[in-house]
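Asker: Below are the structure tokens for one structure; questions will follow.
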Amino acid sequence: MPMMKVVKTVALSSMLIALPVLRAPTVKADDDTLSIKEQIIRLQNEEDRALLRGDVEALDRFWADDLLYPNDNGEVLTKTQRLAEVRAQTHNFSIFRHDDIRVRVYNGTTAVVTGYSTTLKKYKGHVSRGPRRFSAVWIKRDGRWQMVAHQRTDASRQ
Amino acid sequence: MTGNPHWNLCEMRENFHDRPRIMTRRFLCVILLSLPAVALVAAADARPTPQKDPDTESVKKEITRIEQQYKGALVANDLRTLTTLMADDFLYVGTNAEILSKAQRIAQLRSKALAYEALQQDDLRVVVYGDTVIVSGRNTSTLQIGGKGSWGPGGASHFINPGRLSGNALFTHAYVRLQGRWQMILEHVTYITED
């Protein structure tokens, strides 16, 4: 039946073409259901867990290529240097504990996170639980959030 | 459906001799039917793209100039300029791990509880991400600590030792272009300690 074939062709074409269109509302729904602040807090927690297990692959995704990471030893570490530290286990985290987390969002594409940390860590043989105040800046590029800056201040040293 | 073949593009009647022609027609039929949907997809994906700065170097120059202005305003205790440069949601994370809002930071400087006698910046790195800029660098400062404040961690004072204080610190400044001008949204300063 030629008519049936026409119908089949039209149906098939419509399905193939409609797939990307159907994808768009899914992304929108995700944005609607999870506010940016919730997304950032979730990402921050995921990044913490990646640090805890020394997951270089995950951290490589979370951190922007131009990440700037000033530490309290007077160094501004790059992403490559930070990943090398994680890979070499120079920086070992035992327990993560973050409190007083605040997220501020600007233009829908930039988020600043601040928090208070009593994370138990070992850095170059020195064990510390803080407390530390940290800040992190996340930006959204090409549809995904990445950390572009991170800094902490060790309150226990004052 | 047997008229002019040019007007029967989607006719799918099987005929062994016409098979190549029919296949070509089917292909063209799919393409033609797809065109409106392709246009629809293109429209759905046409999201507003963030304004891309044509010249990252000019943004870097502008931010470097603002950094100079900010530093000068701190030393001069020029609160009007500082108020302009800081975004309303500005956050300051200080060397004693205190976190201050814009109003608290301005109040701290106004009260002269903390005054900058000298401030030098070195090793400035500026990274531009469209309408967001990250700056990091090293501060060498001389401060005059005039008294106690109430904006330390947990509400406690963080001015333990009033008097003159000199030291080196690393800092991060974050800027966002808001209402057409660059505004600082975050300043985080950490004293460099020797291990």
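Every read-out reported here was derived from the displayed coordinates using simple, explicitly stated rules and does not represent laboratory data. All values derive from a computational prediction rather than experimental measurement. Every residue, glycine among them, receives a Cβ derived from its backbone with ideal geometry; neighbour counts consider all protein chains shown.
Asker: Please list the radius of gyration and Dmax for the range B:56-191, considering alpha-carbon atoms only, with Å as the unit.
Answerer: Over the range B:56-191's Cα set, Rg and Dmax evaluate to 14.4, 43 Å.
Asker: Next question. A 22 angstrom limit on the alpha carbon distance is what I want to check against. Which of A:LYS79/A:LYS122; A:LYS79/B:LYS61; A:LYS121/B:LYS102; B:LYS71/B:LYS112 exceed it? Mind showing how you got there, number by number?
Answerer: Details: A:LYS79/A:LYS122 20 Å; A:LYS79/B:LYS61 24 Å; A:LYS121/B:LYS102 32 Å; B:LYS71/B:LYS112 16 Å.
With Cα atoms farther than 22 Å apart: A:LYS79/B:LYS61; A:LYS121/B:LYS102.
Asker: In addition: So how long is each side of the range A:118-158 along the principal axes, counting just the alpha-carbon atoms, biggest first, in Å?
Answerer: Reported extents, whole Å, longest axis first: 39, 20, 14.
Asker: Next question. With no solvent and one equal point scatterer per Cα, compute the Debye intensity ratio I(q)/I(0) for the range A:35-157 at 0.09, 0.12, 0.16, 0.20 Å⁻¹ and report its log10, rounded to two decimals.
Answerer: With one equal scatterer per Cα and no solvent, log10 I(q)/I(0) is -0.22, -0.41, -0.75, -1.23.
Asker: Report, in debye and to the nearest 20, how large the dipole of the range B:56-191 comes out about its Cα centre when Lys and Arg carry +1 and Asp and Glu carry -1 on their Cβ.
Answerer: On the way: 15 positive and 12 negative charges, 55 e Å.
Dipole size: approximately 260 debye.
Asker: Once you wrap a convex hull around the alpha carbon atoms of the range A:62-134, what is its projected area averaged over all directions, in nm²?
Answerer: Working: hull surface 22.4 nm².
Averaging across all directions leaves 5.6 nm² for the Cα convex hull.
Asker: Using alpha carbons only, how many angstrom separate the centre of the range B:169-195 from the centre of the range B:78-141?
Answerer: 6
Asker: I've got another one for you. Can you work out the Karplus-derived ³J(HN,Hα) for every residue in the range A:46-53? Use 6.51 cos²θ - 1.76 cosθ + 1.60 with θ = phi - 60°, whole Hz, and x for glycine or proline.
Answerer: So the J values, rounded to whole Hz, are 5, 5, 4, 5, 5, 5, 4, 9.
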